[in-house]
Structures are given as C-alpha cells and as structure tokens.
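Chemist: Dumping the structure here so I can ask a few things about it.
The values are calculated or read from the model by the stated rules, or taken from the named source; none is laboratory data. Since the model is a prediction, treat every value here as computed from it, not as a measurement. Note that we place each Cβ from the backbone using ideal geometry, even for glycine, and neighbour counts take in every protein chain shown. Ligands, DNA and RNA are stripped out before the accessible areas are found, and what is left, the full protein with its side chains, is counted by its heavy atoms. Shrake-Rupley method; radii C 1.70, N 1.55, O 1.52, S 1.80 Å.
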Amino acid sequence: MKKLFLAIVMLCSLSIMAQEEQESNPKLEALRTEKDQKILQTKIKDLENGTAEDMDLLIQYYNNDAAKKDAITKSLLTKFPDSQSARMQRMVSFLKVKGAENIEAHLQSMIKAYPKVNLDMEKSMLSSMYAEEPNSTKVLQYINAMKDPVFRLRALVMAIDLMAAIDNAKALDLATGELAEAKKMKGRTVLSEPLKVDPKAVYDDYINIYGKLLFKAGKNDEAYKYTSEAYNSIKERDAELIENYAFLSSLKGQYEEALPILSKAVEEGKFEQKYMEQVRRGYAKLNPGKDVDAYIAGLQKVFIDKIKTHVSKLMINESAPNFTVTDVSGKKVSLVDFKGKTIVLDFWATWCGPCVASFPAMQMAANRYAKDPNVKFLFIHTWDNVPDPLTDAKNFLSKRDYKFDLYMDLVDQSTKRSPAADSFKVKGIPAKFIIDGNGRIRFNIEGFEGKAEAAAEEVSQMIELARS
C-alpha cells in the first residue's frame, strides 16, 4: 500500500479533532470518574441504546479495551451507518488494511454492507491511493463511482494534488480531461448532501491547482487565464497562487501590481533567473534611470542577512557519535569515512509528511554543493515500517525525481530500533545534523516549515559556518 499522504493527514486531523472534542466532553469525564458501579452500568446501558453521538462517547470511553471498543463500533455501524461517527470508523479501518487488492476488497465489502449509504469519502481513499501510483485510469474509476458531484470534484482535486507531486504532466492531463466537468460547479452555491461540501470552494480549488499545473508546464497564457480567475475569486490566497499571478501578470507588462510581490519573493529567497529577469524589467520600467543591479542586490542581501542572523544563533559544538549506515549497494559507512568533510545528515522516512515537504529545499541545497568534494549530503532513511525499506525508499525518490545520496538506517530486528537515529537521539523526523570536518555537530534541526528557498539558504549558511 502506498503512503496515502493527504488522505492520512486528513484522517489524522479529523481523528485528533474528534478526540479533542471528546476529551473536553463533561459527559465523558463524568463517565470516567463515576465511582458507583450501578450508576456507571446504567449510564453505559443508556449510551448503548442512545444516539450515534452517545455510542461514539462509549467508543472513546473504551479506548483501552479493544474487545468492548470493537463491539460498540460494530453496533454503531449497524444502527447509524449514515452518521459522521460511523463514516470516521469506516475511514480509519482502511489504515489497517495492507495491499491494493485487499484495500479494494475492503471497499467492495463496505459497498455490499451499506448499499444505501453514501460512501464517497471511503471511495476517495482508493482514488488517493492510485493517484500515488500514479494511475489515472484507476483514479477515475473510483472518482466516477461517487454519487455526490461536489465531493467528486473535491476528491479529484486531492488526487490531482497527490499526482502532481510525482508527475506534473500526468496530473495536468488528468485535470485537463476533467476540466469540463469541473466547470459545471461554477456558480453553484448550495452545499452538497450528505457531505456538506461547498461547490464554490471546490471549484476555486480546482482552477487554482489547474493554473499551477499549467504554470509548472510553462504554458503561461493558459496558466494566466485560470490563475487570474482563482486569484480574483479566492479570498484566502496561498503564497504560490499570489507569486504565480504576479509573475504571469508581469509577463503582460502589469508591473505596478506585480513588482512589489515579485520583489518580496526575491527578499524571501526566490532567486530563479526568470523571476529575477521580471523584477529587473519591472523596476527599470517603473523607475527609469535608477540602478537596477543595486536594487536587486539589495533585495538579495535582505534575505541572506536575515538567514545568517537566524542561523548564527543556532550553532552548537557537540561530539558526533560514530554512527553506521549502509549505502544503496549495502556497503557500511560511518563517521570516520567522512573525516575532513562537512556532512549533512537528513533522517527521513517515506511515510513522513514533513520530510517529503522539506525535499524541494534539500534538493536545492544539495545542488549547490554537488561539485564541492568537501561537502557531503547523506539522506538516511530511518524508522522503516515496510518489508523492503530499501526498494520502498528508492522507488519513492525515483518517482519524484530527487537526486539524493540514499543511505539506510535499517531497524535492528532484535531491538526493533533504528541504530543511527538512536545514536543521535532523534526524537522526530525530519532531523538534520550538520557535522564539521572534525566530527563535531554544529547544527541540529528537527521538523520543517516555511518556503523551500529560505530552508535551502539556511542549510547553505549552516554548512558555511560549520566549515569556517
């Protein structure tokens, strides 16, 4: 089973929200603190015969009693199959199933068990799974089996987004093929039933991602059409939409609106040549006679100085453990093999969302030092949870076209631990360590947030400080 990244994030978010809601429920607290067993059993009996919300409360109460929890869950699914609580239980059940064939069989069993229940959300699990193959035919098989046309479009947006991370061309083909159907949502305002999805928000999401796919494909005229529509329709615009709109507008000479946005992007690390050229043209057009080079250099300096100030405060000086990992051919390497070099260790896993989110930045950083023999990047796959982690990791990187030097920190079957990660006392991934030529840890950072350009510059500045 592939890593249903967005679907799992969605499930985890919903589960956390539901758990927090239950945890703050005074009824649950009263149930847990009831001392009188007769009263407690009466309350439990009433809940068993109550509403879907009552049974959901009992599921939370029996969280540490698997047998009773399963019994109440089955009862909930039988009595209230249309409820939000039942839908959540069905969704979570997919995460316990391994293998594409078994997952499809699991869905088919649901369809037979609940012939009158809307299972569109459950079908979205399958469309998301196949989006990561990427397999457009299978994606559409489950998308087209959905009953709610508004949720169908939402599931399609999710699938396209997943596919785009692997193959932009395939995602664009899929989105283009479904564009006519998507346009049927334009102008609709009534929430769908029973999933209460807003058609305007879904349509906006579709044209937003469609514009981004066109932009990445270099189809600027088409991209401008849909990017402009999304920009003018969406109130809470994401940074990528704003920057794409500014860039595409600048190509049409609309510099007054575009230049401030593009200049800010450069101040935040957007140093791509095509952006720099549009800033140059826009500044020269709006400020005739002024020094364009000085203006651009000033923007770049703002960014680099800001990163340097931030990074310098994070510097440490600790002895690095003599870790051991294996390369893709099975050869063992350790700290001593990199004596005299500045090395960047990036502990990651295919199932880790923040790890994957950090990869564009790490690829930028690795590219800067590709020809520097004294700097080495080690992308160490750790905390594996599949039968063949090496193949899993290699396929994952290959599909996304990341050119990383892959190393494996395989789980020790006797201890069930990952030795290299343990030696660095890694508590969460992604975890990055920058080690100088003397074997000293100079930087240790966990997690990922922010823009790729800023993160890549941070790593570069850390490398420069570590070897200075």
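Chemist: Name the pairs: first residue in the stretch 197-212 and over 12 Å from K183 (Cβ atoms), second residue of a type in the set (D, E), Cβ to Cβ under 8 Å, at least 6 apart or on different chains?
Modeler: What qualifies is V197/D148; N208/D238; I209/D161; G211/E229; K212/E240.
Chemist: May I pose another question? Among the strands (runs of 3 or more DSSP E) lying completely within the stretch 393-468, list those that include at least 1 residues that are touching a Ser or Thr at 6+ places or on another chain (Cβ under 6 Å) and farther than 30 Å from E268 by Cα.
Modeler: Numbers: elements: 406-408, 431-435, 440-446.
Filter on the stretch 393-468 gives 406-408.
Chemist: I've got another one for you. Pick out the one residue from D337, D291, D305 that is of a type outside the set (S, T, N, Q), surrounded by fewer than 11 Cβ atoms within 10 Å (Cβ to Cβ) and out of contact with any strand residue (DSSP E or B) (no Cβ under 6 Å at 6 or more places or on another chain).
Modeler: Values: D337 fails: surrounded by fewer than 11 Cβ atoms within 10 Å (Cβ to Cβ); D291 fails: surrounded by fewer than 11 Cβ atoms within 10 Å (Cβ to Cβ).
From the options D337, D291, D305, the qualifying one is D305.
Chemist: Continuing with this model, one more query. Restricting attention to the stretch 144-158, does a residue exist that is in contact with a Gly (Cβ under 9 Å, 6 or more places away or on another chain) and at pLDDT 95 or above?
Modeler: no
Chemist: Let me ask something additional. Out of curiosity, is I445 touching a helix residue (DSSP H, G or I) at 6+ places or on another chain (Cβ under 9 Å), closer than 29 Å to K301 by Cα and open to solvent by less than 10 Å² (accessible area, probe 1.4 Å)? Walk me through how you get there before you give the answer.
Modeler: On the way: touching a helix residue (DSSP H, G or I) at 6+ places or on another chain (Cβ under 9 Å): yes; closer than 29 Å to K301 by Cα: yes; open to solvent by less than 10 Å² (accessible area, probe 1.4 Å): no.
Answer is no for this residue.
Chemist: Going by the structure shown, is A159 assigned to a helix (DSSP H, G or I), closer than 30 Å to P81 by Cα, small (G, A, S) and open to solvent by less than 20 Å² (accessible area, probe 1.4 Å)? Reasoning before the result, please.
Modeler: Details: assigned to a helix (DSSP H, G or I): yes; closer than 30 Å to P81 by Cα: yes; small (G, A, S): yes; open to solvent by less than 20 Å² (accessible area, probe 1.4 Å): yes.
Criteria met by A159.
Chemist: Quick one: in the stretch 342-376, of everything that is surrounded by fewer than 19 Cβ atoms within 10 Å (Cβ to Cβ) and touching a strand residue (DSSP E or B) at 6+ places or on another chain (Cβ under 6 Å), which residue is nearest to G269 (Cα to Cα)?
Modeler: Once the filter is applied, the top-ranked residue is Y369.
Chemist: Please list, ordered by first then second residue, the pairs with beta carbon atoms under 6 Å, 6 or more apart or interchain, first in the stretch 388-405 and free of Cβ contacts under 8 Å to residues at least 40 places away in the same chain, second in a loop (DSSP other than H, G, I, E, B) and of a type in the set (F, W, Y).
Modeler: As it stands, the answer is L397/F404, since those pairs meet every condition given.
Chemist: Mind checking whether some residue in the stretch 417-430 is under 16 Å from F338 (Cβ atoms) and not hydroxyl-bearing (S, T, Y)?
Modeler: Start the filter on the stretch 417-430 by keeping residues that are under 16 Å from F338 (Cβ atoms), which leaves 420, 423-424.
Right, trim to not hydroxyl-bearing (S, T, Y) and you get 420, 424.
Yes, the stretch 417-430 contains a residue that is under 16 Å from F338 (Cβ atoms) and not hydroxyl-bearing (S, T, Y).
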